[in-house]
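K.L.:
For reference, the structure I am asking about is given below.
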Amino acid sequence: MESIEFINRYESNLDEISEVVKPELIPIIDELRQIDPHDLVRPEAYFESESHGKGFVWNMFIKRVRKYSKVE
């Protein structure tokens, strides 16, 4: 998957995550929605598959969940 496909699917990947996480984690999804996906990948970036692109977004989400759970 090329970077432009990742960028185009970024919001739908966040939508998928929001459908399966606890409601109290939705603010983290909202925070990720504020990030411009163009800032996440370089134009020449390439993901082996759509699953790798989704995994990248999930990884960002999980890192933020861990960060906030350490703060509390």
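The values are calculated or read from the model by the stated rules, or taken from the named source; none is laboratory data. This structure is a prediction, so every number in the text was calculated from the model and none was measured. Reconstructed Cβ throughout: ideal geometry from the backbone, glycine too, with neighbour counts over all protein chains shown.
K.L.:
Which numbered condition trips up Ser49, out of (1) surrounded by fewer than 12 Cβ atoms within 10 Å (Cβ to Cβ); (2) under 24 Å from Lys67 (Cβ atoms)?
P.N.:
(2)
K.L.:
Tally time: how many residues in the stretch 36-46 are small (Gly, Ala, Ser) and either surrounded by 16 or more Cβ atoms within 10 Å (Cβ to Cβ) or without any contact (Cβ under 8 Å) to a residue 24 or more places away in the chain (or both)?
P.N.:
Matching residues across the stretch 36-46 total 0.
K.L.:
How many of the residues making up the stretch 2-24 are surrounded by 12 or more Cβ atoms within 10 Å (Cβ to Cβ), in a helix (DSSP H, G or I) and not acidic (Asp, Glu)?
P.N.:
Qualifying residue count, the stretch 2-24: 11.
K.L.:
Does Arg33 satisfy the criteria of being basic (Lys, Arg), surrounded by 11 or more Cβ atoms within 10 Å (Cβ to Cβ) and free of Cβ contacts under 8 Å to residues at least 40 places away in the same chain? Outline the logic, then answer.
P.N.:
Working: basic (Lys, Arg): yes; surrounded by 11 or more Cβ atoms within 10 Å (Cβ to Cβ): yes; free of Cβ contacts under 8 Å to residues at least 40 places away in the same chain: yes.
Spelling it out, Arg33 is indeed basic (Lys, Arg), surrounded by 11 or more Cβ atoms within 10 Å (Cβ to Cβ) and free of Cβ contacts under 8 Å to residues at least 40 places away in the same chain.
K.L.:
Which one is modelled with the highest pLDDT, of the residues in the stretch 25-72 that are assigned to a loop (DSSP other than H, G, I, E, B) and of a type in the set (Asp, Glu)?
P.N.:
So the residue we want is Asp36.
K.L.:
Taking the stretch 52-72 only, how many residues are surrounded by 12 or more Cβ atoms within 10 Å (Cβ to Cβ) and of a type in the set (Lys, Arg)?
P.N.:
Qualifying residue count, the stretch 52-72: 2.
K.L.:
Working only within the stretch 1-56, note down all residues that are in contact with an Asp or Glu (Cβ under 8 Å, 6 or more places away or on another chain) and of a type in the set (A, V, I, L, M).
P.N.:
Listed by number, the residues that qualify are Met1, Ala45.
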